[in-house]
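Have a look at the structure below, then the notes.
The values are calculated or read from the model by the stated rules, or taken from the named source; none is laboratory data. Quantities reported herein were computed from a predicted structural model and do not represent experimental measurements. In this analysis, Cβ positions are derived from the backbone assuming ideal geometry, glycine residues included, and neighbour counts consider all displayed protein chains. Remember, those area values only see protein heavy atoms, side chains included, never the ligands or the DNA or RNA. Shrake-Rupley method; radii C 1.70, N 1.55, O 1.52, S 1.80 Å.
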Amino acid sequence: MTQPNTTELARHRRERMMMWLQLTPVLLVLSVLFGGALILAVMQSLGFAPWFGVNTFPDFSYFGALWGSWSFWQSLGLTLYYAIVSTVIALVMGIFLALAMVRMFPCKTLYKYLYKLPLMIPYTVGIALAVIMLGNGGMISRLSAFFGFIGDPSEFPQILKTHYGWGVIAVYVWKQTPFVTLTIYAVLLGVGRETEEAASILGASKRQIFFQVTMPQILPGIVSSTLIIFAFNIGAFEAPFILGGGFPDTLPVVAWRYFNDADYTLQLQGMATVVSIALIASIILYSYLAFYRRYERRIGRN
Amino acid sequence: MTKVQLKGVRKDFGAFTAISQIDLDINSGELVALLGPSGCGKTTTLRMIAGLEVPTYGHILFDDDDVSEVPVQDRQVGMVFQRYALFPHMTVEKNVMFGLKVRGTPKAEIEERLEEILDVVQLQQFRHRFPAQLSGGQMQRVAIARTLITKPSVLMMDEPLANLDTKLRGEMRRFIRELQQRLGITTIFVTHDQIEAMELADRVAVIFDGKLAQYDAPDALYQRPNSVEIADFMGANNIFAAQISASGLATAAFGTLQLDRDIVTVREGAGRILLRSEAIDLLLEEPDGENVIEGTVEGREFFGATVNYTVTCGGEIITVNEQSRRLVEVGQKVWLRIEPRHIWAIRDDA
Ligand SMILES: Nc1ncnc2c1ncn2[C@@H]1O[C@H](COP(=O)(O)OP(=O)(O)OP(=O)(O)O)[C@@H](O)[C@H]1O
Ligand SMILES: [Mg+2]
C-alpha cells in the first residue's frame, strides 16, 4: 500500500468541507426550528415560562398532575386505540390493494388514478365528508330511512361522536390507505413476481406464498408506511376534535383545551401533555424500529 | 416419468404474438433442449408448461391429460429461472428447503435430502449465506438445488448454466445429465448455445420467432438442417448457392459436387449446399476421384487443438477445419475433397 499523495488528501479534505457546507442549511433548520422548539417545550413543561411570570424550573409537578390523573390514561388509551386500529386497518387494506394492483385487470389505469384521490384531498374535507355521509341526518341515514331499513334518519345508529371512534377511524383509513398502498405498491414493483412464481412452482399455497415470500420482502414498505401514519395518527387533532365522542378526549385534543384555557398558566400543563405525546410516540416508534432492525439483521440485511 | 405434449400452442401478449404455433412431443424421461436466439419465445414456452402463463390457443398435455385446469402448485414441475428468483430473505439452506417445507415433508427427510443436494451442488460452505452474498454461479447452483430437491416429474431449466465458468459448467452438465438419467426426469432445457444443446439433449427443438423450426436429434440437426437459418444458427459456415440436377449433381461457383442420393432426397432446382468444415480434407497434392475443389489458402486461424483455414475456390471462400497436427502456410495451393455423404442440400423453396 502506498500512501495517497498530499494533493489527493487535500482534495478529500476539500470534498468533506463541501459536504458539510451543503448540509449546513438543513442542519441549521433542524437544530434551531425543531431541536430548539423541542428543548423549549420540555423546559416549559418543567416550569420554565418567565413570559407568563412562571419560573419554577425544574418542576415536575405538571407532569405529576397530568400523569397522576386517571383521565390522562383514559385519553392515552383512546389516542392509542384510534391510532392503532386505523393504522392496522389501513395497512391490511393497503396490502390487499397493492397486491391487486400488481396483477392485471380491466380499467387498471383508471383505477390507479382513482385510488390516489384521497391523498390529494385535505383531512378537513375528509372530515366534512364523514359528517355528511355518516352523521345522523347524513346521507347514509337518510338513504336507509328512504329504503325503509329504519323508520327515521334519527334512528340511525350513532357512528360519529362515540368513543368507538368509527368516524375518526374512517377518516384516517380513508386518507391513509392510499398512502400505504402507494408505498407497498412501489416496493412490490421492485420485488417483482418471480419469487412468488418460483414459490408456487415449488408447491406453496397462496397463503404460504404471501406470508413466507411476499410479506418478508415488502416489510420495509410496511414498516416505513405504518411508522409514518401511526406517528401522524397519534398526534392528529382535527379528526378526534370534530368526530370524537367528547370527554375523555384524545391527548392532542386535551393539549388543545389546555392551551385554549382562559387561565394561561394551564399552558404549561398543555406543554406537559404535548411532551408526553412526543415521549410516548418516540418510545413506541423507536421500539418498533428496533424490533424491525433486529429482524432485518437476523435475515442478514444491514 | 411424465410425457409432455404441446398441441397447437399459441401465446399472445395483447397484440404481440410471442409464440405463433408450437407442436412439441417430449417423451417421458427425455432431455429436450429449446434452442433459439434471444426473444424467440423459449422462456414463454417453459412458463406455459409450468402453468405460469396460459396459452391463448392450444393445449398442453402431461401423460395425455390436458393440464389447463391444473394449478401450478399441483403440476409437479420444477423450474430453474433465468434470473434465479431466489428468496432474498432466506439463507441458501432455507431457499433449498422451501419446496419440501411447504409440502409438509417430515423434518428428518428434509435434513437428509438437504445434505445430499448441498454436496452435489458444492454449496455446503455457503449454506448460511444469503443470496445477496453469493456470486452469480453460486446463486445459479442454489436455484438448481432448490428445484431438484423437490424431485419434480418435469424439470425445466431456463439457461441454468449461463453464469458458470467452463469447468463448473462441464461439471454441472454432467451432473444434470447423470441425475436426469438416474431419476428419469423429463427435462426441458433452454439454451442459446448450440454446443450445449447438442451435448446434453436427446432432442433439440429449434425455435425461431415463436415457431418451431426443427425438432430433431442433435446429429440430425447438425448434419441435416431443414433450412439455411437453422444451418446458420447451428454454426455452419460453408453454405453456397448451387444448381442441383436430378442425377444428384450440385453445381456451385467453385465446381460441381456429387451428392449422396441416399442422404439427400434430390429434387431438381436451385438450392443451397452445406459443406461441414470438419468433413473437408485439405490436400497438398491433387488427388484422383470426384468432389475435388482446387483453391488457395487465404487465411489461417489457430485455436490450439484445431485450426481453421479459409480457402478461396473459384470466387467463393470455403472454411476448412482440421486437427492441428500440421500447419499449412497461407498462400499455398491446395485441393479440397469432400465425400458425398458429408454434403447436405437445402432447396430454396423448402
Ligand atoms: N409478459 C409479457 N408481455 C409482453 N411481451 C412479452 C411478455 N413476456 C415475453 N414477452 C415477449 O415475448 C417474446 C418472447 O419472450 P421470451 O422471454 O420467451 O424470450 P426468450 O426466448 O426466453 O429470450 P431470451 O433468450 O432472451 O431469454 C419477446 O419478444 C418478449 O418481449
Ligand atoms: Mg428467456
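Here is how the numbers come out for the structure above:
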item: Shielded residues, region A:263-302 - accessible-area loss of 50 Å² or more between chain alone and all protein chains, probe 1.4 Å; result: A:299
item: Relative contact order (percent, whole number), region A:51-201, Cα cutoff 8 Å, 6+ residue spacing; result: 32
item: Set of aspartates and glutamates near residue B:42 by C-alpha distance (under 15 Å), chain-local residues within fewer than 8 positions excluded; result: B:12, B:23, B:53, B:158, B:159, B:193, B:209
item: Per-residue mean of C-beta atoms belonging to partner chains within 10 Å, peptide B:292-302; result: 0
item: Minimum 50 Å² accessible area buried by the other protein chains, region B:84-128 residues, probe 1.4 Å, relative to alone; result: B:87, B:89, B:98, B:102
item: Test item: B:48-55 mean partner chain Cβ contacts at 10 Å; result: 2
item: Span from the region B:6-38 Cα centroid across to the region A:266-286 one, whole angstrom; result: 65
item: Where A meets B: accessible area buried, both sides, 1.4 Å probe, Å²; result: 1900
item: Cβ neighbours within 10 Å from other chains - mean over B:70-81; result: 4
item: The protein assembly as shown, accessible surface, carbon-and-sulfur percent (1.4 angstrom probe); result: 60
item: Mean Kyte hydropathy of 1.0 or more with a Cα span along the axis of at least 15 Å, helices from DSSP in chain A; result: A:70-101, A:123-134, A:166-191, A:215-235
item: Listed peptides B:336-345, A:274-283 by packing density, highest first (mean Cβ within 10 Å); result: B:336-345, A:274-283
item: Relative contact order for chain A, counting Cα pairs under 8 Å that sit 6 or more residues apart, in percent; result: 24
item: Sparse-neighbourhood loop sites, GluC sites (Glu not before Pro) in region B:6-75 - DSSP loop, at most 11 other Cβ within 10 angstrom; result: B:69
item: Whole-number accessible area per residue in Å² for the protein assembly as shown, which is evaluated in the context of all protein chains at 1.4 Å; result: 50
item: Angle between chain B longest axis and helix B:92-102 axis [Cα atoms, degrees, rounded to 10]; result: 70
item: DSSP bridge pairs, the protein assembly as shown: antiparallel proportion in percent, nearest 5; result: 75
item: Chain A: most fluctuating residue of A:228, A:201, A:150 per GNM, C-alpha cutoff 10 Å; result: A:201
item: Pairs beyond 29 Å (Cα-Cα), from B:3/B:211; B:11/B:107; A:108/B:11; result: B:11/B:107
item: Ordering of B:190-201, B:10-21, A:16-27, B:255-266 by burial proxy (mean other Cβ atoms within 10 Å per residue, highest first); result: B:190-201, B:255-266, B:10-21, A:16-27
item: Beta bridges per DSSP with both ends in chain B, % antiparallel, nearest 5; result: 75
